[in-house]
Each structure stands twice: as structure tokens, then as C-alpha cells.
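The values are calculated or read from the model by the stated rules, or taken from the named source; none is laboratory data. Given the structure is predicted, the values throughout are model-derived calculations rather than measurements. Please note: Cβ atoms are built from the backbone with ideal geometry, for glycine as well, and neighbour counts cover all protein chains shown.
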Amino acid sequence: MTETNSSIQIKGLRDGLLVSLDDAPWEEQRTNFLAQVDSQTAFFKGARLALDVASQVLHVNDLVDLRDQLSERGIFLWAIISESPTTEKTAQLLGLATRISKPRPEESRQFSAAGSGEDGALFLDKTLRSGTRIEFSGNVVVLGDVNPGAEIVAEGNVIIWGRLRGMVHAGSKGNKNAVICALDLSPTQLRIAGEVSAVLKPQENPKPEIARINKDGKLQAEFWSPG
Amino acid sequence: MPAQVITITSGKGGVGKTTATANLAVALAAEGSKVVCIDGDIGLRNLDVILGLENRIVYDIVDVIEGRCRLKQAMIRDKKLPNLYLIPAAQTRDKNAVSPSDMNRLIKDLRPDFDFVLIDSPAGIERGFRNAIAAADRVIVVTNPEVSAVRDADRVIGILEAEDKGPGALIINRLNPILVKKNDMLSADDVLDLLAVELIGIVPEDENVIIGSNRGAPVASDPKSKAGQAFRNIAKRLKGETVPFLDLESTGSLWERIQRLAGRK
């Protein structure tokens, strides 16, 4: 079930619909898409929708507006796929998924496993609150706290300039050399590659700590000492 | 001056959103502001009961939105406070009967005639919550000093930030100073440490709140109640006045008070 309407492509996925837009002006794309939805209400009603917006740069208002418009039509928007880091970040902040599990080409998978997360870092200068989930293919740097209930999953390292009280998974694709640092390391859970830590106790006088997998293959945290 | 639109929300249920809405509305109206409160909890309406206006409902918010009555017909005027109006929720419908754009239209019609529009949000972060925050200029997040309530408040504040509604102002409700002192309850500082938002009020645990709610006479109109005083102070802060926070510890025994006074010297 593939349909084409000017630049809008609709595909059926295992668990919903994938709609692909292109780089034409956003307003135009949005209007066209909603018009198409309105012309086929029965087809779209109750759908789980993933939207591929190519390299459109979308801000919170754009996505919130679209989500509300879709929700009024009985459509649940659960994922935004984008080539733009800004759009990806916006979608993640709104709790939308930014990847759908479709099989990736074999070579790109090897590349991400081989590369030690050196394909750039995602910088977030805000506190991550409960319910926020950040997934990134490289390193993640947070200037702010990571509160209980927030999650970061990174293929590379995770650096928190603040208090870490949520869940962090570094080296999520199996990189055992990944590290997690925080000014106050009191997470609900830490994971590096396949290792999961027990709960670390909150400290009276927190000091910067770094967690990594030690020689024995266990996840261990130690105080960070300069030099 | 057009109205300030304030939504009261929490994430978790049962922390005192509706009680806070009713009390702030009463306190603001008693000070002479023109106030309308809207019950956003369609399907589970309560605000009318707490305000003691239940038996006067003829039309509700869904009737307005679906055009069965005019806005003015659904507004119930309080008997004691002529500046206070309520737009009740529908009890026989659900949250999907209203959309965020419906709310925006409704609020737009109310703005010119009032000083404050207070919207009581339902618990949760789904449709009803989205409706309630759609038109808000300012959001008040109510929490209890309990880990689960604070966690949900954090989530809600995150959503508000993501949707450009500002971080919101915090009310810590049902704080028990004696339990805090014994380290058996999170203190206001513990809560603020995690949430890192502006604190607009701390309301102490007070049985008069429940009594008032059951009677349909919110505690904010009781000059002797400590919780009522806390709500009146929050109302003043909403109007831009600077009011010092209550000394909640003075509920201790006479001897403790003397000791504290002596300790201060």
C-alpha cells in the first residue's frame, strides 16, 4: 500500500504508517498532508503515524501544532524522522521517537559499531526532567541535571555537568570503552555496553565521578582526580 | 486590562489541584478581582462541588463549545462572592469532547471581561491536560512533598518547558512541618532542589481544607485557617505583591515556641 500525492509518500509499516515529506516549504507540506488526511478520514483514523520530514528544520511550535491537529483527527503521531539535528532534538524533547526500527544497511551498522562514538556530540544545555528520553549515535554532553525518570541512551560517552539522578546508558551498541561522568553521580541506574550497575547511594558531599568498565569487566565508579 | 489565564496542574492525581483552584479563585475574588474558573476535568467534574455550586449547573463547557448555549448561560455566579464565576465541566462526556483550539476560542471570549481565568486541569498528561494548558499565560504546578508526586511534577514541568509554556510556578501542598522536622517527609528545600522552579506557595496540611471542601466553602474564606492564609498569600503573589512565606513551624507547642524565640536571641 504505497500512494503518491505530489511529494507525500505513505507506506504501511508493521505497526502503523510511515509518511514521508520532502524539503518543500513546511507550511505547504503540512497543508497538503492535512488535506490528504481529511480526504481519507477512514483510512487514517486511529493510525499510529511516523513522519519522515527529510531535512526540514522544525521547532517546538511546528511539531506541537501538527501533533494537536493530527490528534484532533484521531491520529497518533509517535515518531519524527529527520536529517536535521534541530528537528531531532525538538522531537526528543516532546517525547516523540526519532528512529523507527527498520533494518539498517549492513555497512552503516558496522560503521557505528567500529567507530567509538566519534561522530560528534549532542550538547544539551538544560536540565533533563522525568519522562525525557535522549537517544544519540555519538557522545552526549548535558549542562544541567538529569532528574529521576529521565533517560539518556548514547552510543558514545555521556558527560553530565550537573547531578545525574536518572538513567544513563553509554556505549549502547556495545562499546565497552565508553565512560559516564557527572559532578554528582547518584543515578537510578547506570549501564555501559551490556553491564548494568547497582544503585549508587547519594552522597552527602558529592564529588565528580567517572564510571567505566574495569579490567574485570565490571562497571565501576571512582572519584575523578585531576591530572 | 485583559485577564491573566492561569492553569493549575500536577501530573499526579489527588495532590490538590481542584482544592487549590477553588481556594485561589475565592481568595482572588474576595480581594476584588473578577475571576472565572473553568473545570477542565470533563467526565470527572469536582470543582463545582468544592465551590458549593453543584446544584446550580444548567449548562456546561461542552454545551458552550458545541453551541447549545451562550457562554454567559454556562457561567455560574457565586452567591457569596459576586466577582466569582464557574464554568463547570460536563459529567456525561469525556475529554475528547473538547480540543485545544476549542479552549483557545473560549478563553479568547473570556479574556476581556475578567482579571483572572483559572483553569483546573485533570490529572495526567493526555488530552485533558493539553486542553487545559493550551491557552495558559502561566501554569501553576501543584505537588505534595512525596517522591511520586514530585516525579510527576518534574515530568509536567518538562512538558511545559518543551511546549514553551514557561517552567511554571510551584505550590507545595499538604506539607506537614512536624514530619519534615523528624525527617519523615521531604522538605520544601528537597522538592525545590529537584524541580528548580519558582516557588509561589507552601500550603500546610490542615484538616479545615477537607471540611471546607465537603461543605462547599473553600478554606480561603476562613480567616483562622493556616492553609487558608497560605492560599490568600498565593493569591496576593499572583497579583504581583511580595508576601513573605508563612512560618509553618509556629504550629509547635508553646514550650517549643519559647525555645525557638530564646534560640534566636
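How many residues, within the stretch B:155-206, are over 30 Å from A:ASP65 (Cβ atoms) and either touching a Lys or Arg at 6+ places or on another chain (Cβ under 8 Å) or not small (Gly, Ala, Ser) (or both)? Spell out the reasoning first.
First, the residues of the stretch B:155-206 that are over 30 Å from A:ASP65 (Cβ atoms): B:172-194, B:199, B:201-206.
Keeping just the survivors that are either touching a Lys or Arg at 6+ places or on another chain (Cβ under 8 Å) or not small (Gly, Ala, Ser) (or both) gives B:172-186, B:189-194, B:199, B:201-206.
Residues in the stretch B:155-206 being over 30 Å from A:ASP65 (Cβ atoms) and either touching a Lys or Arg at 6+ places or on another chain (Cβ under 8 Å) or not small (Gly, Ala, Ser) (or both): 28 in total.
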Qualifying position, being surrounded by fewer than 16 Cβ atoms within 10 Å (Cβ to Cβ) and within 14 Å of chain B (Cβ to nearest Cβ), among A:LEU164, A:LEU124, A:LEU128, A:LEU143: A:LEU143
Search result, residues across the stretch A:49-72 that are surrounded by fewer than 16 Cβ atoms within 10 Å (Cβ to Cβ) and out of contact with any Asp or Glu (no Cβ under 6 Å at 6 or more places or on another chain): A:VAL57, A:HIS59, A:ASN61, A:ASP65, A:GLU72
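With in contact with a strand residue (DSSP E or B) (Cβ under 8 Å, 6 or more places away or on another chain), crowded, with 21+ Cβ neighbours inside 10 Å and farther than 23 Å from B:PRO100 by Cβ as the only criterion, which of B:ALA29, B:ALA20, B:ALA25 stands out?
Working: B:ALA20 fails: farther than 23 Å from B:PRO100 by Cβ; B:ALA25 fails: farther than 23 Å from B:PRO100 by Cβ.
Answer to the check: B:ALA29.
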Residue ID - modelled with the lowest pLDDT, chosen from residues in the stretch B:121-170 that are within 11 Å of chain A (Cβ to nearest Cβ) and more than 25 Å from A:GLY166 (Cα to Cα): B:ARG127
Residue selected from the stretch A:20-48 under the condition of a type in the set (A, V, I, L, M) and surrounded by fewer than 17 Cβ atoms within 10 Å (Cβ to Cβ), by the criterion farthest from A:GLY74 (Cα to Cα): A:ALA24
Matching option when the condition is assigned to a loop (DSSP other than H, G, I, E, B), within 29 Å of A:GLY120 (Cβ to Cβ) and in contact with a Leu (Cβ under 7 Å, 6 or more places away or on another chain), among A:ALA54, A:ALA79: A:ALA54
Qualifying residues in the stretch A:131-140 (those that are buried (at least 24 other Cβ atoms within 10 Å of the Cβ) and more than 14 Å from every other protein chain (Cβ to nearest Cβ)) - the one modelled with the lowest pLDDT: A:PHE136
Top-ranked residue of the stretch A:167-184 - restricted to ones that are within 17 Å of the chain's Cα centre (by Cα) and among the hydrophobic types (A, V, I, L, M, F, W, C), ranked as surrounded by the fewest Cβ atoms within 10 Å (Cβ to Cβ): A:MET167
The listed residue being at pLDDT 85 or above, within 14 Å of another protein chain (Cβ to nearest Cβ), at negative phi and touching a Lys or Arg at 6+ places or on another chain (Cβ under 6 Å), out of A:LEU77, A:LEU58, A:LEU70, A:LEU63: A:LEU77
Residue in the stretch B:172-184 that is of a type in the set (A, V, I, L, M, F, W, C), touching a helix residue (DSSP H, G or I) at 6+ places or on another chain (Cβ under 7 Å), more than 13 Å from chain A (Cβ to nearest Cβ) and without any contact (Cβ under 8 Å) to a residue 60 or more places away in the chain present: yes
Total residues in the stretch B:193-228, condition surrounded by fewer than 17 Cβ atoms within 10 Å (Cβ to Cβ), in contact with an Asp or Glu (Cβ under 9 Å, 6 or more places away or on another chain) and within 14 Å of chain A (Cβ to nearest Cβ): 1
All positions within the stretch A:96-107 that are at pLDDT 60 or above and either closer than 11 Å to A:LEU63 by Cα or not in a loop (DSSP other than H, G, I, E, B) (or both): A:LEU96, A:ALA97
Members of the stretch B:92-113 that are loosely packed, with under 15 Cβ neighbours inside 10 Å and among the acidic types (Asp, Glu): B:ASP94, B:ASP109
Test: residue in the stretch A:209-219 that is part of a loop (DSSP other than H, G, I, E, B), within 20 Å of B:ASP193 (Cβ to Cβ) and not polar (S, T, N, Q): no
